[in-house]
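The values are calculated or read from the model by the stated rules, or taken from the named source; none is laboratory data. If you're wondering where the values come from, they're calculated on a predicted model, not measured in any experiment. For neighbour counting, all protein chains shown are included, and Cβ atoms are generated from backbone atoms with ideal geometry for every residue, glycine included. SASA here: full protein model, heavy atoms, side chains in, ligands and nucleic acids out. Shrake-Rupley method; radii C 1.70, N 1.55, O 1.52, S 1.80 Å.
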Amino acid sequence: MVLQLPVDILHLICNELSNQIDFDTLYNCAQTNKQLAIPALTSLYSIAHHSNFSDAASNAFIPHQETLLQKWAILWRSIILSSLDRTYFIYCRYLRELDLNDLGQLFEADKFRTKIEKKFFEGELSKLRILSNTARPNTERLDINAVTNRVGDVVTEKAPLLEAISSNSGLDSSSALRKWIPMLSKLQELKLFNGKTLADPAIPELITAHCPFFRRLWIFLWVTPESDHQLATFIQGIPTPTLHSLQIFSANGIGAESFLGLNHHAPTLKLLRLSAKPAHLALLSSCTQIETLILEDPTGTSDLEHDDPSAFATIASWLQSCHYLRVLEFNKFPPAAALITPALLSPAPDNSNNSDDTRALPHLHRLQVEGYAMRHASARAFHEALAHQRGLRTLVLKGDAEGSGRADCDALCEAVGAIGGLRDLKLRGVSEFFANEHVSYLAGNLPELEHLYVEGWAIGDGVWGALGGLRKLQWISFMGLTQFTREGLMGFVRRLRRPGNEGIVVMVDNADLEGRLSEEEQAEVREAILERVDGRFEYTLYRDPDLSEFEGESD
């Protein structure tokens, strides 16, 4: 007698495979038998947006690109045909995200415009093939924006489980969203290329009426004279408080009105990513539940501490009150170091019954600060405060080391070395004057380190002893001037171990011309690291040895 698992168990198994993004196993399950096909296909198409065909095709060798594009096209063709009731299984009903940007990238690929395009639009899909005139007389080309919007019309009618819509640049009109939103009762997230799509006041009304689970808004850019008012209107037009995240990745006109509007969602707002004037942050004082905060100064030149001391103090106090922060990034933000320091020294919320030492409860997991100067007194205080963040796993610091000295480098290393559990460390600019002992100190005090990016001056073989003891190291990049020998590198390679160091990448990007490795020595190191741990070694000289140091410079 053949025992069969209950269908609900099969769904649980396939759901776990989808959580692991295991396409291969799900595909094999779908081919096993009819009983397993439905749960397998349901899970397979629910993660279709994770397929990353676009990345694979762009990075593949040219002979492989056409094969990847064919698979990519088949995926989309099956989704669209299922929405037209022309497939045995209704794949579109299993979709969780409709990524029209991905479809647009497929259409834009050079190799798509050959026999793949012809095959894609065969049969039932011929009516979706919309052409537009080009600059060349008597020539036509696929109207990508029109086609992707038409596909959106077709799929949204038959995909009731959609939780996210990702648009391409063609969705600049709100007319498509007006049609789609009433059919998307599960919608949680909108990803728009241009935020002006939301200028239509009907959009927040439709979301309120039809999308009770809407939580996240993702915009690539939004640059119009009215963008601040329009975003504020949208934010206040959806039910409050419900917004969990707002991300605007590029240029925008967001200002005071939008920041004030975000306070209406203060109890739910967890993620905020914006490029904005630093002073506007003072308007977010109610948003203390934020867990991920990523901010950029569009000018990169503000001196908030001196230009607006009141706003500076308000922002510093606000950051101290954001006890649930896990990710904090300030990019091109000169006052960031001084703003963050009080928050780094603040105790995390006491989540235990024992409140004797709340300072022992670190909260930040990732910290990135770019755009500060080490010579300022605030930088030294900032570096020393880092030692209090023992829970950090990723630290990225980018600044200007001009005017700093040995004591500044020592203080930075001592503080970073105190973060014992650090996994990823990237020091750019601030490590410009590091010596062997600084790199060795970091390696000796950060046993969990997996990725290290550091500069330094005349870094040599003295660092390999400490680095060779890092059993989890996966990537190391030296961007400063280095003086490594063949013997030093081979000694490091011999200390590498599987599985911890398997696949390690060692990058030397500015090797000194004096004592440089010969082509034969480079090949020897590459072969050794490949054989020992399946790793990779890349070696680049500081400058072309055949050119004069001053060649090409003007008088």
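Which fully enclosed helices (runs of 4 or more DSSP H) of segment 1-104 have 2 or more residues being surrounded by fewer than 18 Cβ atoms within 10 Å (Cβ to Cβ) and among the basic types (Lys, Arg)?
By residue number, no helices (runs of 4 or more DSSP H) qualify.
Taking the condition closer than 22 Å to His50 by Cβ and modelled with pLDDT of 95 or more, does Leu106 pass? Quick ask: steps written out before the conclusion?
Values: closer than 22 Å to His50 by Cβ: yes; modelled with pLDDT of 95 or more: no.
For Leu106, the condition - closer than 22 Å to His50 by Cβ and modelled with pLDDT of 95 or more - is not met.
From the list Phe213, Phe220, Phe193, which residue is open to solvent by 20 Å² or more (accessible area, probe 1.4 Å), at pLDDT 95 or above and either outside any strand (DSSP E or B) or of a type outside the set (Lys, Arg) (or both)? Even if it seems obvious, please write down each step before you answer.
Values: Phe220 fails: at pLDDT 95 or above; Phe193 fails: at pLDDT 95 or above.
None of the others qualify; the one that does is Phe213.
Go through segment 105-121 and give me each residue that's in contact with a Lys or Arg (Cβ under 9 Å, 6 or more places away or on another chain) and part of a loop (DSSP other than H, G, I, E, B). Full working, then the answer.
Pass one, segment 105-121, residues in contact with a Lys or Arg (Cβ under 9 Å, 6 or more places away or on another chain): 107, 113, 117, 119-121.
Listed by number, the list holds a single entry, Phe121.
Please enumerate the residues belonging to segment 501-527 that are among the polar types (S, T, N, Q) and closer than 21 Å to Leu467 by Cα.
Asn501, Asn510, Gln522 - these are the residues of segment 501-527 that are among the polar types (S, T, N, Q) and closer than 21 Å to Leu467 by Cα.
Under 6 Å by Cβ, and 6 or more places apart or on different chains, what pairs join a residue from segment 247-262 that is free of Cβ contacts under 8 Å to residues at least 40 places away in the same chain with one that is among the hydroxyl-bearing types (Ser, Thr, Tyr)?
Hits for this filter: Gly253/Ser227.
Select, from Glu502, Glu487, the only residue that is part of a loop (DSSP other than H, G, I, E, B) and of a type in the set (D, E, K, R).
The unique qualifying residue is Glu502.
Being at pLDDT below 90 and crowded, with 21+ Cβ neighbours inside 10 Å, is that true of even one residue in segment 128-142?
No: segment 128-142 contains no residue that is at pLDDT below 90 and crowded, with 21+ Cβ neighbours inside 10 Å.
Any chance you could count how many residues in segment 289-312 are open to solvent by 60 Å² or more (accessible area, probe 1.4 Å) and assigned to a helix (DSSP H, G or I)?
Residues flagged as open to solvent by 60 Å² or more (accessible area, probe 1.4 Å) and assigned to a helix (DSSP H, G or I) within segment 289-312 amount to 5.
How about segment 261-279: which of its residues are open to solvent by 40 Å² or more (accessible area, probe 1.4 Å) and within 19 Å of Gln236 (Cα to Cα)?
Correct list: His264, Pro267, Lys270, Leu271, Arg273.
Being closer than 26 Å to Pro334 by Cβ and surrounded by fewer than 16 Cβ atoms within 10 Å (Cβ to Cβ): is that true of Ser285 here?
Numbers: closer than 26 Å to Pro334 by Cβ: yes; surrounded by fewer than 16 Cβ atoms within 10 Å (Cβ to Cβ): yes.
Here the answer is yes, as Ser285 does meet what is asked.
Counting only residues that are open to solvent by less than 40 Å² (accessible area, probe 1.4 Å) and of a type in the set (D, E, K, R), which one in segment 493-521 is farthest from Arg536 (Cα to Cα)?
Kept after step one, since they are open to solvent by less than 40 Å² (accessible area, probe 1.4 Å), are these residues of segment 493-521: 493, 496, 500-501, 503-513, 517.
From what is left, the residues that are of a type in the set (D, E, K, R) are 509, 512.
On the way: Asp509: 14, Asp512: 20 Å.
Here the answer is Asp512.
Which residue pairs have Cβ atoms closer than 8 Å, lie 6 or more positions apart in sequence or on different chains, and pair a first residue in segment 301-325 that is modelled with pLDDT of 95 or more with a second residue that is surrounded by fewer than 13 Cβ atoms within 10 Å (Cβ to Cβ)?
Going by the 8 Å Cβ cut-off, there are no qualifying pairs.
Inside segment 320-331, can you point out the residues that are surrounded by fewer than 21 Cβ atoms within 10 Å (Cβ to Cβ) and touching a helix residue (DSSP H, G or I) at 6+ places or on another chain (Cβ under 6 Å)?
Gln320
Scan segment 372-401 and report the pairs whose first residue is under 12 Å from Ala337 (Cα atoms) and part of a helix (DSSP H, G or I) and whose second residue is of a type in the set (A, V, I, L, M) and modelled with pLDDT under 90, with Cβ atoms within less than 6 Å and a gap of 6+ or a chain change.
Ala385/Leu345
Against the condition in contact (Cβ under 8 Å) with a residue 12 or more places away in the chain and more than 19 Å from Ala176 (Cα to Cα), how does Ile116 come out, does it pass? Walk me through it before giving the result.
Values: in contact (Cβ under 8 Å) with a residue 12 or more places away in the chain: yes; more than 19 Å from Ala176 (Cα to Cα): yes.
Criteria met by Ile116.
Return the residues of segment 386-398 that are touching a helix residue (DSSP H, G or I) at 6+ places or on another chain (Cβ under 7 Å) and either open to solvent by 10 Å² or more (accessible area, probe 1.4 Å) or of a type in the set (A, V, I, L, M) (or both); say none if nothing qualifies. Show your work before the answer.
So in segment 386-398, the residues touching a helix residue (DSSP H, G or I) at 6+ places or on another chain (Cβ under 7 Å) come out as 386-389, 395.
Answer for segment 386-398, where residues must be touching a helix residue (DSSP H, G or I) at 6+ places or on another chain (Cβ under 7 Å) and either open to solvent by 10 Å² or more (accessible area, probe 1.4 Å) or of a type in the set (A, V, I, L, M) (or both): Leu386, Ala387, His388, Leu395.
For segment 409-482, which fully contained strands (runs of 3 or more DSSP E) count at least 2 residues that are open to solvent by 20 Å² or more (accessible area, probe 1.4 Å) and modelled with pLDDT of 95 or more? I'd like the intermediate steps shown before the answer.
Values: elements: 424-428, 451-454, 457-460, 475-478.
In segment 409-482, the matching strands (runs of 3 or more DSSP E) lie at 424-428, 451-454.
Search segment 231-255 for residues being open to solvent by 40 Å² or more (accessible area, probe 1.4 Å) and out of contact with any Ser or Thr (no Cβ under 9 Å at 6 or more places or on another chain), and hand back the single one that is nearest to Gly195 (Cα to Cα).
The extreme case among them is Thr233.
From the set of residues in segment 525-535 that are surrounded by 17 or more Cβ atoms within 10 Å (Cβ to Cβ) and touching a residue at least 24 places away in the same chain (Cβ under 8 Å), which is nearest to the chain's Cα centre (by Cα)? So that I can check it myself, show each step before the final result.
Just the residues of segment 525-535 that are surrounded by 17 or more Cβ atoms within 10 Å (Cβ to Cβ), to begin with: 525-526, 528-529, 532-533, 535.
Those left that are additionally touching a residue at least 24 places away in the same chain (Cβ under 8 Å): 525, 528-529, 532-533, 535.
On the way: Val525: 32, Ala528: 33, Ile529: 29, Arg532: 31, Val533: 28, Gly535: 25 Å.
The residue in question is Gly535.
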